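The values are calculated or read from the model by the stated rules, or taken from the named source; none is laboratory data. Predicted model, so just to flag it, every value in this text is computed and none were measured. Quick reminder, even Gly has a Cβ in these numbers, built from the backbone with ideal geometry, and neighbours come from all protein chains shown. Areas reflect the complete protein model, heavy atoms only, side chains present, ligands, DNA and RNA absent. Shrake-Rupley method; radii C 1.70, N 1.55, O 1.52, S 1.80 Å.
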Amino acid sequence: MTSKVAERGFLYIAFGDAFTKEALMSIKSLKKFNSEPVALFTDQPQLDNFEGLVDIYAQIQPRHIRAKVDFIDKTPFEKTVYLDSDTLIVRNISDMFDILDRFDVGLTNDYARKRTKYSKIVPEYAEIPYSFSEVNGGIMAYNSSLATQSFLSLWKEYFYKYFQQTNGWDQVSLRIALWRSNVRLHHFPFEYNIRSKANREKQDRFKHEFGEQHMAPRIYHLHYDSEVHSGKFKYKLDDFEDFATDLINQAVWY
């Protein structure tokens with residue numbers, strides 16, 4: 001499907017029976033809060049319009065489990081919010097479409113920023129600075145601009161170029177495509193992609209793949225003295241080492 005049938009809508013791309021059933025669960029949660037049409041691309045046959053949850057259906061023939069890389073550009077919408085099957089929507093998220101008037105693509109930072117493992121084998125990935133984090137490809141807002149189309153083509157190109165080296169993992173190629181594209185990129189706050197505790201803890205268990213500097217704090221942002229707004233600052237530079245430790249203990253780390 002390549003022709004656009006609506007201005008805005010949600011897209012799911014599912015591979016296999018289990019992921020398709022999971023996608024329907026996600027769509028059911030989405031429909032409680034959003035009225036935009038929902039498109040489902042899957043290799044599974046259509047079953048009674050999937051209990052009335054799916055507005056647009058297309059049967060696809062995926063070549064691998066990361067089917068979204070091949071079909072995400074086939075969206076039937078001018079403005080699309082793509083969602084992975086393992087998502088639960090608990091509030092209206094129509095504002096994700098609104099940012100597409102100002103930006104081409106909206107994503108959230110991933111817990112993986114820059115992996116040492118892939119930096120060693122993918123030069124285009126290695127050359128990107130750590131401060132340009134990987135993004136999570138499971139939740140993406142995007143419009144139909146030429147810049148977006150070029151970005152999605154780049155994603156597919158690098159995905160297949162390094163398919164063997166990454167075992168078909170799509171995050172590496174996604175980071176490269178964004179870095180090398182001209183899209184106007186927006187980063188959604190973490191409320192739009194809340195991950196499990198187990199996923200966060202996995203980053204520590206696989207420290208050997210990410211490198212020692214991975215997710216190590218760079219900047220703390222909080223006042224040294226709570227009375228500074230009143231024109232008071234009672235600490236001296238000699239107090240710095242002890243006071244810095246106290247500030248770090250006060251910080252919130254998501």
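Which residue out of D86, D70 is of a type outside the set (F, W, Y) and assigned to a helix (DSSP H, G or I)?
Working: D86 fails: assigned to a helix (DSSP H, G or I).
The unique qualifying residue is D70.
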Inset, instruction - Could you please let me know if Q61 is without any contact (Cβ under 8 Å) to a residue 24 or more places away in the chain, surrounded by fewer than 20 Cβ atoms within 10 Å (Cβ to Cβ) and more than 23 Å from the chain's Cα centre (by Cα)? - result: yes
Inset, instruction - Starting from the stretch 239-251, keep only residues that are under 15 Å from S226 (Cα atoms), then list their pairs with residues that are of a type outside the set (S, T, Y) whose Cβ atoms are within a distance under 7 Å, requiring at least 6 positions of separation or different chains. - result: L247/L222; Q250/L222; A251/L222
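Report the residue count in the stretch 180-199 for those that are hydroxyl-bearing (S, T, Y) and either open to solvent by 30 Å² or more (accessible area, probe 1.4 Å) or within 17 Å of D70 (Cβ to Cβ) (or both). First the steps, then the outcome.
First, the residues of the stretch 180-199 that are hydroxyl-bearing (S, T, Y): 181, 192, 196.
With either open to solvent by 30 Å² or more (accessible area, probe 1.4 Å) or within 17 Å of D70 (Cβ to Cβ) (or both) added as a condition, the list becomes 192, 196.
Result for the stretch 180-199: 2.
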Legend entry - Residue among Y118, Y125 that alone is free of Cβ contacts under 8 Å to residues at least 60 places away in the same chain, buried (at least 20 other Cβ atoms within 10 Å of the Cβ), assigned to a helix (DSSP H, G or I) and within 18 Å of the chain's Cα centre (by Cα): Y125
Inset, instruction - Considering only residues that are among the β-branched types (V, I, T) and over 11 Å from F188 (Cα atoms), look in the stretch 86-107 and name the one that is surrounded by the most Cβ atoms within 10 Å (Cβ to Cβ). - result: I93
Legend entry - Flag if K74 is buried (at least 19 other Cβ atoms within 10 Å of the Cβ), within 27 Å of G168 (Cβ to Cβ), in contact (Cβ under 8 Å) with a residue 12 or more places away in the chain and basic (K, R): no
Inset, instruction - For the stretch 155-173, enumerate the residues that are open to solvent by 20 Å² or more (accessible area, probe 1.4 Å), under 13 Å from Y125 (Cβ atoms) and hydrophobic (A, V, I, L, M, F, W, C). - result: W169
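Quick grid of which residues meet (1) of a type outside the set (F, W, Y); (2) in contact with a helix residue (DSSP H, G or I) (Cβ under 8 Å, 6 or more places away or on another chain); (3) at pLDDT 95 or above:
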| residue | (1), (2), (3) |
| --- | --- |
| R102 | yes, no, yes |
| V105 | yes, yes, yes |
| D110 | yes, yes, no |
| K117 | yes, yes, no |
| I121 | yes, yes, yes |
| Y125 | no, yes, yes |
| V135 | yes, yes, yes |
Inset, instruction - Being aliphatic (A, V, I, L, M), at pLDDT 95 or above, farther than 22 Å from E7 by Cα and out of contact with any helix residue (DSSP H, G or I) (no Cβ under 6 Å at 6 or more places or on another chain) narrows it down to one of L178, L174, L154, L146, so name that one. - result: L178
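In the list A177, A141, which residue meets the criterion of being outside any helix (DSSP H, G or I) and open to solvent by less than 10 Å² (accessible area, probe 1.4 Å)?
A141
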Legend entry - Residue satisfying condition, being on the phi < 0 side of the Ramachandran plot, part of a loop (DSSP other than H, G, I, E, B) and of a type in the set (D, E), within set E78, E36, E7: E36
Inset, instruction - Identify, by number, the condition in (1) modelled with pLDDT under 80; (2) open to solvent by 100 Å² or more (accessible area, probe 1.4 Å); (3) in a helix (DSSP H, G or I); (4) among the acidic types (D, E) that E212 doesn't meet. - result: (3)
